[in-house]
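The structure under discussion appears below in the form of structure tokens.
The values are calculated or read from the model by the stated rules, or taken from the named source; none is laboratory data. Bear in mind the structure is a predicted one, so any value in this text is a computation, not a measurement. For neighbour counting, all protein chains shown are included, and Cβ atoms are generated from backbone atoms with ideal geometry for every residue, glycine included. Calculation scope for accessible area: heavy atoms of the full protein, side chains included, ligands and nucleic acids excluded. Shrake-Rupley method; radii C 1.70, N 1.55, O 1.52, S 1.80 Å.
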Amino acid sequence: MGSQGGFYQSKEFLDLVKSIGEARSKAEEDRIVLNEIETLKRRISEPDIPKRKMKEYIIRLVYIEMLGHDASFGYIHAVKMTHDDSLLVKRTGYLAVTLFLNEDHDLIILIVNTIQKDLKSDNYLVVCAALNAVCKLINEETIPAVLPQVMELLAHPKEAVRKKAIMALHRFYQKSPSSVSHLVPNFRKRLCDNDPGVMGATLCPLFELIARDVNSYKDLVISFVSILKQVAERRLSKAYDYHQMPAPFIQIKLLKILALLGSGDKQASENMYTVVGDIFRKCDSSSNIGNAVLYECICCVSSIYPNPKLLESAADVISRFLKSDSHNLKYMGIDALGRLIKISPEIAEQHQLAVIDCLEDPDDTLKRKTFELLYKMTKSTNVEVIVDRMIDYMISINDNHYKTEIASRCVELAEQFAPSNQWFIQTMNRVFEHAGDLVNIKVAHNLMRLIAEGFGEDDDNADTKLRSSAVESYLHILGEPKLPSVFLQVICWVLGEYGTADGMFSASDITGKLCDVAEAYSNDETVKAYATTALMKIYAFEIAARRKVDMLPECQSLMEELLASHSTDLQQRAYELQAVIGLDAHAVECIMPSDASCEDIEVDRDLSFLNDYIQEAIEKGAQPYIPESERSGMLNISNFRNQDHHEASSHGLRFEAYELPKPAVQARIPQTLIASTEIVPVPEPMYPRESYQTTMPSIPSDAGSAELKLRLEGVQKKWGRPTYTPATSTSNSTSQKTVNGTSQGDGASTVSSMRETYDSRKPQVEVSHEKQKLAASLFGGSSKTEKRPATGHKAAKASSHVVEKSHVPKSSMEVASEKAAPAQQPPDLLDLGEPTATSTALQLDPFKQLEGLLDATEVASAVNGAPAASRSPDIMALYADTAAGIHNKNDADLLSGLSNPSVTNMTGTTSAMPQVTQSSSKGPNPKDSLEKDALVRQMGVNPSSQNPNLFKDLLG
């Protein structure tokens, strides 16, 4: 490692480089680098590191990054070095940050201020270092921060600073053209700078500007020609020579600019002829840089308005390139020849043999470039040689991408310049056979269309020979063991259309071959579909020609196999084949005309052939069709499509605020229930299940009786078959049993039977999540309702739109506890405001383990056909301090029923159990607490601990 600004690197660094160079494996190299990273992490964090040591550490970090390892722990130290006052340390820091960071790195913000300060420095070396960092690190957002300082540097006395300022402005233009669009005149001024380096740097941004808008810079043609002439005449300093060529890179850039300005402009091109001719004569072709200038001259001549003398000079240079032993010069000659043949095709003819010789060269890159030239040189006289060479090369390569490109070019050339039908068919067969499925399907379609349409001339005899030749060659090719799928599709289509057209081959021969194809390629449904359609065409043409049709056994078995195929496409084609065979000749001629593949199909979009049928139906009372745009009060199907599109596009993150909750729709309550306002609605448990929308039966309030009765006349049953209870129906009594001192009805057997009946008729259809979201948006909520099946009677009014949702299996107690309620927002149990009134069905207590702890008996009424329904208990009243919170007798009866249930027998009398007097004193009554706990659990709230006074603190 050499010296760096007078400071020599340490022996430790040199040993590191040496050990990495002598590493015998990647694993050994990684081990050495990881050890070095650990050493640098430790040393670079030490305090008071000398500048010389820190500079070396940063260079070692650069070396580590060059080897592909992460050295991000040292980035901040490189940024700190850019703030140093020492020129050597500062330049080392700028070098490191330009290699470490990119324009979007987070540490860029720490360098902008330093760059702004250094751009104003009196030391031009510091300014140059800052300009180098500007070109690398400044992004579009930080351009305005440094643009004024860079503009001031265009007038700096040092040419190196002016040159780097031009380069920085060029970089700004590449990143954000709008930010420097007002600075274009400055580029024109710098073109006349006294220093050739500044002028040469200005050519780069001007080239991009001219490429975007040529007409705005036509006035600079004379200036560019004058500069090129001075450079070619060696008027620049010897310092700009390269291999004895005067400023060759400036010449190349000027020739590219002149090629843009002279394209299609005769007046501008005439100003260039002299200087370009001088370069052709004076340029030294013994060096690579001289040949590069000559090649750029040829490109310029091929772009500007043609001049015979320049074209002749360019042809001579191309001839020297092609005759050279260097592959690079041959490549340049092939490429330059491809440019000139657009202007002067005769130039390519005299070099045709030299081009063909390039095809024998082992250099694959040269071969490919030569084939591009051959593609442009092809005519009817040389198409056979060129296409044969291209196909042979296509067979020899393994690059599928380039093989596909060669195949498409061969097909295109064969279509344009085919000398005979026989050659065309053979060429296409070779392309499909060797390129296989790499051939674009459009090529196959073009071939089929070409065979159907012919060569576009009026010679029908030539078209017939073309088709006959194709049929004959395809029947011979079918004997090959393996053919590409695309080629088989073409073969089947041609045999179906023209297999029996000329009478050379019988229908049985063609159909037998097609059946063999379908059997041999049974896994390819596309080939089988083409073969089936070809069979249908052949049989249709035979029927239309009034010839006897004898279906071969293999064809019959193929048709029977396809009739039972899982593919609907193959099934349909088989049924069409079966139907066509059974038609008469006249019908077949109408539906399957011969040689009609090129005829345009007229589509009757108005379906006018159905007018008579529609008129007859309307006369019989049918409703006329109403267009979708004229329908009113109907659900437009486009809403579903728009909703699906909205749902598909709404899976990403959403940052907008949530919508305000919509107010819950109050359910209609019978007048008899409005008097009670203390009933809090009990929400459904929060696990998936079904709920039904039903009408609420009117419950009369009997002040003289302590029992609750339901009027079920004319009300549809909840359980069992959907029917109505007659007005004179009677209830069967339920037997009672005493278990552990608690009176029970036969609730378990009733619930089981109800579950079996319900499970046997409930649907098990799974609804997708998208449909659920669609339903939520259509109905304005997340309700899960289901419409009752109609039974011939008039059903109760419910929502017009319902959604059926899949659910999980439930236990018998969960099924029994399901109740009918309109969809609404679940109440807040901690909301102590005024509750809303609703009606729910009385449910069984699911906590059987509490039976032995309760003093009173629990009611499980089971009436045949219609279970008893009651109003929901008053949660707030249950947790009141005294019974004074009861507002009416119904609530008092309900509360007393929770502690002292009564059983209604078949005759309607009530046998009251021993009642327990309610205590008005406060205190933790275990029985009351368990009852409250059970009721809260029933609502879907589970306590977090075994606390008998669960809501005592919250609800009193």
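When Leu254 is tested against (1) under 23 Å from Ala314 (Cβ atoms); (2) among the hydrophobic types (A, V, I, L, M, F, W, C); (3) part of a loop (DSSP other than H, G, I, E, B), exactly one condition is not met: (3). Restricting Val301, Val276, Val231, Val221 to those that are part of a helix (DSSP H, G or I) and in contact with a Cys (Cβ under 9 Å, 6 or more places away or on another chain) reduces the list to Val276. Listed by position, the helices (runs of 4 or more DSSP H) enclosed by the range 529-617 that each have at least 1 residues that are under 40 Å from the mean Cα position of the chain (by Cα) and among the charged types (D, E, K, R) are 553-563, 568-581.
Table: residues versus (1) touching a residue at least 60 places away in the same chain (Cβ under 8 Å); (2) open to solvent by 50 Å² or more (accessible area, probe 1.4 Å); (3) under 15 Å from Cys555 (Cα atoms); (4) out of contact with any His (no Cβ under 8 Å at 6 or more places or on another chain).
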position: Glu480; (1), (2), (3), (4): no, yes, no, yes
position: Leu488; (1), (2), (3), (4): no, no, no, yes
position: Glu497; (1), (2), (3), (4): yes, no, no, yes
position: Gly512; (1), (2), (3), (4): no, no, yes, yes
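Of the listed requirements (1) more than 29 Å from Ser567 (Cα to Cα); (2) in a helix (DSSP H, G or I); (3) modelled with pLDDT of 85 or more, Phe505 misses just one: (2).
Inside the range 128-161, can you point out the residues that are closer than 23 Å to Leu99 by Cα, of a type in the set (A, V, I, L, M) and in contact with a Lys or Arg (Cβ under 8 Å, 6 or more places away or on another chain)? Once the filter is applied, which keeps residues that are closer than 23 Å to Leu99 by Cα, of a type in the set (A, V, I, L, M) and in contact with a Lys or Arg (Cβ under 8 Å, 6 or more places away or on another chain), the range 128-161 yields Ala129, Leu131, Val134, Ile138, Ile143.
Considered as a group, the residues in the range 528-546 that are among the small types (Gly, Ala, Ser) and farther than 12 Å from Ile591 by Cα include one that is most open to solvent (accessible area, probe 1.4 Å), and that residue is Ala545. Does Arg43 satisfy being in a helix (DSSP H, G or I), among the charged types (D, E, K, R), out of contact with any strand residue (DSSP E or B) (no Cβ under 8 Å at 6 or more places or on another chain) and open to solvent by less than 70 Å² (accessible area, probe 1.4 Å)? Yes, satisfied. Working carefully through the options Asp357, Asp325, find the one that is outside any helix (DSSP H, G or I) and surrounded by fewer than 17 Cβ atoms within 10 Å (Cβ to Cβ). Just a single option satisfies the conditions, and that option is Asp325.
Yes/no matrix, rows are residues, columns are (1) charged (D, E, K, R); (2) assigned by the TED database to the domain that holds Phe280; (3) free of Cβ contacts under 8 Å to residues at least 12 places away in the same chain; (4) surrounded by 19 or more Cβ atoms within 10 Å (Cβ to Cβ):
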| site | (1), (2), (3), (4) |
| --- | --- |
| Ile222 | no, yes, no, no |
| Gln230 | no, yes, yes, no |
| Arg234 | yes, yes, no, no |
| Ser237 | no, yes, no, no |
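Does His445 fit the bill of being in a helix (DSSP H, G or I), surrounded by 14 or more Cβ atoms within 10 Å (Cβ to Cβ) and without any contact (Cβ under 8 Å) to a residue 12 or more places away in the chain? Taking the combined requirement at face value, the residue satisfies it. Could you check the range 557-586 and list, in sequence order, the residues that are at pLDDT below 90 and open to solvent by 30 Å² or more (accessible area, probe 1.4 Å)? Those that are at pLDDT below 90 and open to solvent by 30 Å² or more (accessible area, probe 1.4 Å): Ile581, Gly582, Leu583, Asp584, His586. So for the range 66-74 (the condition being assigned to a loop (DSSP other than H, G, I, E, B) and crowded, with 21+ Cβ neighbours inside 10 Å), does at least one residue qualify? Yes, there is a match, as at least one residue in the range 66-74 is assigned to a loop (DSSP other than H, G, I, E, B) and crowded, with 21+ Cβ neighbours inside 10 Å.
Among the residues of the range 422-448, those that are among the aromatic types (Phe, Trp, Tyr) and either touching a Lys or Arg at 6+ places or on another chain (Cβ under 6 Å) or more than 19 Å from Asp524 (Cβ to Cβ) (or both) comprise Trp423, Phe424. Could you grab me the full set of residues in the range 75-115 that are among the polar types (S, T, N, Q) and surrounded by 15 or more Cβ atoms within 10 Å (Cβ to Cβ)? Matches in the range 75-115: Thr82, Thr92, Thr98, Thr114. Taken across the range 536-550, residues that are under 25 Å from Val517 (Cα atoms), of a type outside the set (Phe, Trp, Tyr) and without any contact (Cβ under 8 Å) to a residue 40 or more places away in the chain do occur, with at least one present.
Do the conditions hold for Ile109, that is, is it over 27 Å from Cys204 (Cα atoms) and under 36 Å from the mean Cα position of the chain (by Cα)? It is true that Ile109 is over 27 Å from Cys204 (Cα atoms) and under 36 Å from the mean Cα position of the chain (by Cα). Scanning the range 514-528 for residues that are touching a residue at least 24 places away in the same chain (Cβ under 8 Å), assigned to a loop (DSSP other than H, G, I, E, B) and touching a Lys or Arg at 6+ places or on another chain (Cβ under 9 Å) gives a single hit, Tyr521. Taken across the range 539-561, residues that are at positive phi and out of contact with any Phe, Trp or Tyr (no Cβ under 6 Å at 6 or more places or on another chain) do occur, with at least one present.
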